[in-house]
Amino acid sequence: MPSPRRFSQVPYQGPPGSTELLLVRHGASADAIEGEDFELLDGHGNPPLSDIGREQSELVGARLALEKIDALYVTTLRRTAETAAPLVRLTGLQPIVEPGLREVRLGDWEGGLFRQKVADGDPVAVRMLTEERWDVVPGAESPTEFSTRIRDAINRIAADHPDARVVAFSHGAAIAEALCQATGSRPFAFLMSDNTAIARLVLTPERWILRGFNDIAHLQP
């Protein structure tokens, strides 16, 4: 009598041609100081990393250097390039700039004012968080524009890197939007990721599959 067949559990593998995308939020950026504005780049606040942010970047870079990485992306904003710098140094990968993954544009509240408005419990900030809409802020990017550019940027990465693992250093709201699109969640459901936290997506032409969120094992003692 033949032995019964066995069916072992096996590690997950993405479908052939899929792309594993590791979305890394930038390290902590410099403090916003009342009465002083960050420099702007194409309408976006462009602060450098803080000392803590640079320490976080070294830790996440050392961790990701242990993985096989085929490509590395940053946005136009300096905090992503500064966060990627340790990984660039350890791997020799040259960063590719993807402007579409930059942070949501906050209109009149750019330059550091956004942090102050949230900290002070400004009624518009409260409404923004309650309604989960960035465009409550005067002059902010519309939901349609924001979601479209994030989707288009990620689709470009997937098209250029089939059967590959890619790291993209991005921003809190941009990562939250990508994960919202992957899962069909509320708009702000994934908003509060930590600095240098890693989120993992598997990208296929049919759908995006969420494999991890807010992974900060590299920051733990």
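The values are calculated or read from the model by the stated rules, or taken from the named source; none is laboratory data. In this text the structure is predicted, and so the values were computed from the model without any measurement. Virtual Cβ from ideal backbone geometry, glycine too; neighbours counted across all protein chains shown. Just so you know, the surface numbers come from the protein's heavy atoms only, side chains and all, with ligands and any DNA or RNA stripped out. Shrake-Rupley method; radii C 1.70, N 1.55, O 1.52, S 1.80 Å.
Checking Gly212 against (1) part of a strand (DSSP E or B); (2) open to solvent by 50 Å² or more (accessible area, probe 1.4 Å), which single condition isn't satisfied?
Answer for Gly212: the failing condition is (2).
Could you grab the pairs with beta carbons closer than 7 Å, sequence gap of 6+ or different chains, first residue in segment 134-150 and touching a residue at least 40 places away in the same chain (Cβ under 8 Å) and open to solvent by 30 Å² or more (accessible area, probe 1.4 Å), second one in a helix (DSSP H, G or I) and charged (D, E, K, R)?
Pro143/Asp135
Which residue pairs have Cβ atoms closer than 9 Å, lie 6 or more positions apart in sequence or on different chains, and pair a first residue in segment 158-179 that is acidic (Asp, Glu) with a second residue that is surrounded by fewer than 22 Cβ atoms within 10 Å (Cβ to Cβ) and assigned to a strand (DSSP E or B)?
As it stands, the answer is Asp160/Ala71; Asp160/Ile96, since those pairs meet every condition given.
Take segment 165-188 and flag every residue that is more than 25 Å from Asn46 (Cα to Cα) and over 14 Å from the mean Cα position of the chain (by Cα).
Arg165, Thr183, Gly184, Ser185, Arg186
Collect the residues in segment 162-201 that are closer than 21 Å to Arg54 by Cβ and in a loop (DSSP other than H, G, I, E, B), keeping them in residue-number order.
Those that are closer than 21 Å to Arg54 by Cβ and in a loop (DSSP other than H, G, I, E, B): His171, Ser193, Asp194, Asn195, Thr196, Ala197.
Please verify whether segment 71-91 includes one or more residues that are part of a loop (DSSP other than H, G, I, E, B) and more than 18 Å from the chain's Cα centre (by Cα).
Scanning segment 71-91 turns up no residue that is part of a loop (DSSP other than H, G, I, E, B) and more than 18 Å from the chain's Cα centre (by Cα).
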